[in-house]
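Quick notes on the structure that follows.
What follows is calculated from the coordinates using simple rules that are stated; it is not laboratory data. It should be emphasised that the depicted structure is a prediction, and the values quoted were computed from it without experimental measurement. Here Cβ is always computed from backbone atoms with ideal geometry, including for glycine, and neighbour counts include all displayed protein chains.
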Amino acid sequence: MAKKGAARFRCSDCGYMSLTLVGRCPGCGEWGTMAEDAPLPGGRAVNIPSVRAEPIASVDVSPEERIPSGIDELDRVLGGGWIKGGVALLGGEPGVGKSTLLLQACAHMARAGRSVLYISGEESSGQLALRARRLGISEKNVDLLCGYDLEAMLEAAGGYEFIVVDSVQSFRLEDENGWAGSPSQVRNVASRASETAKSLSIPMVMVGHITKQGQIAGPKILEHMVDVVLLFSGERTSSHRLLRAEKNRYGGTDELGIFEMSDAGLSPVVDPSRMYWNNSSGSLDPISGVAVGVSLEGSRPLIAEIQALSCATPFPYPKRTARGVELNKMQLLLAVLERRCGIFSRNCDVYLNVAGGLTLQDPAADLSICAALASSLRDVPTPVDACFIGEVGLAGEVRPTAKSLIRMREAARLGFKSVVVSSRDLAAGDGRGLEIINVGTVSDMLERLMK
């Protein structure tokens with residue numbers, strides 16, 4: 001039993017308690033996360049204040065006031081804008097454009113007459129000012145504070161209407177143990193910044209680093225402490241950047257923001273469907289293994305070009321490779337084609353790709369994937385002016401999808417002439433000028449389009 005007033009040590013990552021200081025946490029196995037906690041109580045009675053619960057129906061709820069960021073793609077992901085007192089965490093790989101995005105948001109808000117404070121622990125004022133000049137930002141309402149004394153900087157936050165803390169891993173509180181970036185410091189820095197934002201009712205954004213595994217660096221509790229978690233991603237070989245919300249207490253997490261990086265900064269992509277599909281195959285002879293579907297990212301429809309390639313292999317274990325689609329999804333649909341449609345792939349290497357680097361998780365893409373795979377295995381092209389919308393079940397049936405009318409409108413806008421949908425789709429009667437091809441099963445689809 002612990003002695004009266006004995007020190008105890010707590011893991012800042014998992015909360016494991018120990019009476020001795022160890023370098024590695026016995027609970028989660030992380031190094032350097034054990035820090036001294038408050039001493040054990042001396043056995044005195046603790047006075048628990050009396051509390052009274054109230055019915056949820058009697059709680060007065062007022063609609064949250066949104067503060068537009070001035071960037072439509074960012075507001076789309078946030079659900080309409082920032083919330084007063086709300087704290088957001090923006091994570092992304094180095095060089096993806098996190099600071100650029102926030103500087104541009106600060107400039108837009110300053111143009112709207114709001115006072116903005118940008119706190120940086122990674123760059124000097126000269127570096128930030130140089131970047132701002134390159135982006136064409138010269139607003140007087142954007143103030144900079146650079147250094148490592150976060151306490152002093154937050155004390156000067158009063159009177160501002162928007163605050164950026166860049167980044168949460170670069171600051172250190174003097175009264176806390178550990179070095180800057182350690183789990184205990186990250187937790188306490190985020191806690192201190194969040195308290196300031198909520199006490200002053202100011203929207204705040206904290207920038208977070210990304211680990212090799214693609215997770216935001218620091219203890220997992222960091223993501224629980226904030227109201228919104230945003231992830232900014234992009235391929236190094238591409239100029240396009242994607243913004244998603246992993247967590248949003250004030251809105252949904254299914255929206256997608258798409259930007260294009262240039263010398264002038266980040267600009268929203270006006271027509272994202274053409275970014276992933278440019279009708280390049282339509283100007284050529286029909287090619288087998290190509291099918292087009294309509295995926296939905298939140299409320300935004302995106303045309304997705306599915307490309308499949310199959311070739312005979314002399315090896316007993318054929319290769320399966322998928323990019324943009326889960327490998328298990330491809331293998332499942334190959335099994336459906338073999339069992340329900342008699343299209344065998346056991347002697348072929350099969351490769352699947354979504355053009356443009358788009359990643360599909362929408363079940364409505366199943367039918368287009370099946371069409372591309374069957375087209376490649378049979379070496380019969382699909383109609384170049386048709387798109388496919390539907391979920392495929394293990395019995396080979398084609399199921400209707402949500403918001404099919406929005407998908408059809410996008411297909412019609414981009415010049416498609418026909419759309420293949422489930423025969424049970426209730427919206428199939430309004431194709432917006434498209435020829436509606438109703439199919440009940442994948443086999444039915446193959447008989448009608450790929451004879």
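Give, as a single signed number, the net charge of other residues whose beta carbon lies under 13 Å from the beta carbon of Val22, with Lys and Arg counted +1 and Asp and Glu -1. Spell out each step's value before the answer.
Values: positive: Arg8, Arg10, Arg24; negative: Glu30, Glu36.
Around Val22, the charge tally is +1.
Step through the table entries Lys98/Lys140; Lys319/Lys417; Lys212/Lys403, compare each Cα-Cα distance with 32 Å, and write down the pairs that go over it. Each step should come with its number before you reach the end.
Values: Lys98/Lys140 22 Å; Lys319/Lys417 35 Å; Lys212/Lys403 37 Å.
With Cα atoms farther than 32 Å apart: Lys319/Lys417; Lys212/Lys403.
Only residues of region 198-217 count here: report those whose backbone N is under 12 Å from the spot 7 Å along Cα→Cβ of Thr359, or say none.
214-215
For Phe315, Phe344, Phe416, what's the fewest-to-most ordering of other Cβ within 10 Å of each Cβ? Don't skip to the end; give the middle numbers.
Values: Phe315 8, Phe344 11, Phe416 23.
With the sparsest Cβ surroundings first, the list reads Phe315, Phe344, Phe416.
Hey, fewest Cβ within 10 Å first, where do Trp179, Trp82, Trp277 land in order?
Working: Trp179 9, Trp82 28, Trp277 22.
Going from least to most buried by this count: Trp179, Trp277, Trp82.
Can you tell me the length gained on complete extension of the stretch Asp175 to Ser191, counting 0.36 nm per residue apart and subtracting the Cα distance? Spell out each step's value before the answer.
Numbers: separation 16, 0.36 × 16 = 5.76 nm, distance 1.36 nm.
Gain in length upon complete extension: 4.4 nm.
Given axes a ≥ b ≥ c from the Cα gyration tensor, I'd like to know whether region 66-270 is rounded (a/c under 1.5), prolate (a/b larger than b/c) or oblate. Mind showing how you got there, number by number?
Working: a/c = 1.33, a/b = 1.18, b/c = 1.12.
The shape class here is rounded.
Rg and Dmax of region 72-147 over Cα atoms: what are they, in angstrom?
Computed over the Cα atoms of region 72-147, radius of gyration and Dmax are 12.6, 34 Å.
List the pair-distance distribution P(r) of the chain, using every Cα-Cα distance, as the percent of pairs falling in each 10 Å bin from 0 up to the bin containing the longest distance, rounded to whole percents.
Values per bin, smallest distances first: 4, 17, 22, 19, 18, 13, 6, 1, 0.
Full-extension gain between Glu65 and Glu326, please, as 0.36 nm times their residue separation minus the C-alpha to C-alpha distance. The partial results should precede the final answer.
Numbers: separation 261, 0.36 × 261 = 93.96 nm, distance 3.93 nm.
Once the chain is fully extended between Glu65 and Glu326, it gains 90.0 nm.
If you take every residue apart from Glu93 with its C-beta less than 12 Å away from the C-beta of Glu93, what net charge results, scoring Lys and Arg +1 and Asp and Glu -1? Let's see the in-between values first.
Numbers: positive: Lys98, Lys212, Arg236, Arg241; negative: Glu235.
Overall, the nearby charge balance is +3.
Assign unit charges at the C-beta atoms only (+1 for Lys and Arg, -1 for Asp and Glu), then state the dipole size of the chain relative to its Cα centre in Debye, rounded to the nearest 20.
Working: 48 positive and 52 negative charges, 151 e Å.
For the chain, the charge dipole is close to 720 debye.
What FRET efficiency would be calculated for the residue pair Met17, Leu394, taking the C-beta separation as r and a Förster radius of 45 Å, to the nearest 0.05?
Details: r = 48 Å, r/R0 = 1.07.
About 0.40, to the nearest 0.05.
Under a 5 Å amide H to amide H cut-off, with H placed in plane at 1.01 Å, what residues pair with Val392 once short-range neighbours are removed?
Placed amide hydrogens put Asp366, Leu367, Arg399 under 5 Å from Val392.
Run through region 323-431 and list the trypsin sites (Lys or Arg not before Pro) located in a DSSP loop whose Cβ has at most 11 other Cβ atoms within 10 Å.
Values: sites: Arg323, Lys329, Arg339, Arg340, Arg346, Arg378, Lys403, Arg407, Arg409, Arg413, Lys417, Arg424; in loops: Arg346, Lys403, Lys417, Arg424.
Of the trypsin sites (Lys or Arg not before Pro), the ones in loops of region 323-431 whose Cβ has at most 11 other Cβ atoms within 10 Å are Arg346.
What does the convex hull of the alpha-carbon atoms of region 276-449 project to on average, in nm²?
Details: hull surface 36.5 nm².
The directionally averaged projection comes out at 9.1 nm².
Report the FRET efficiency, 1/(1 + (r/R0)^6), for Asp37 and Asp72, where r is their Cβ-Cβ distance and R0 is 45 Å, rounded to 0.05. List each step's numbers first, then the result.
Working: r = 46 Å, r/R0 = 1.02.
Efficiency, from the Cβ-Cβ distance: 0.45.
Mind checking region 150-218 for trypsin sites (Lys or Arg not before Pro) that DSSP puts in a loop (not H, G, I, E or B) and that have at most 15 other Cβ atoms within 10 Å? If you can, show how the numbers build up before the last one.
Values: sites: Arg172, Arg187, Arg192, Lys198, Lys212; in loops: Arg172, Lys212.
When the trypsin sites (Lys or Arg not before Pro) of region 150-218 are filtered for loop state and at most 15 Cβ neighbours within 10 Å, Lys212 remain.
What helices does the chain hold that run 24 Å or longer along their axis, going by alpha-carbon atoms, with a Kyte-Doolittle average of -1.0 or more, using DSSP H for the helix calls? Before the final figure, lay out the partial values.
Values: long enough: 183-200 (26 Å, -0.63).
Counting only whole DSSP H runs, the qualifying helices are 183-200.
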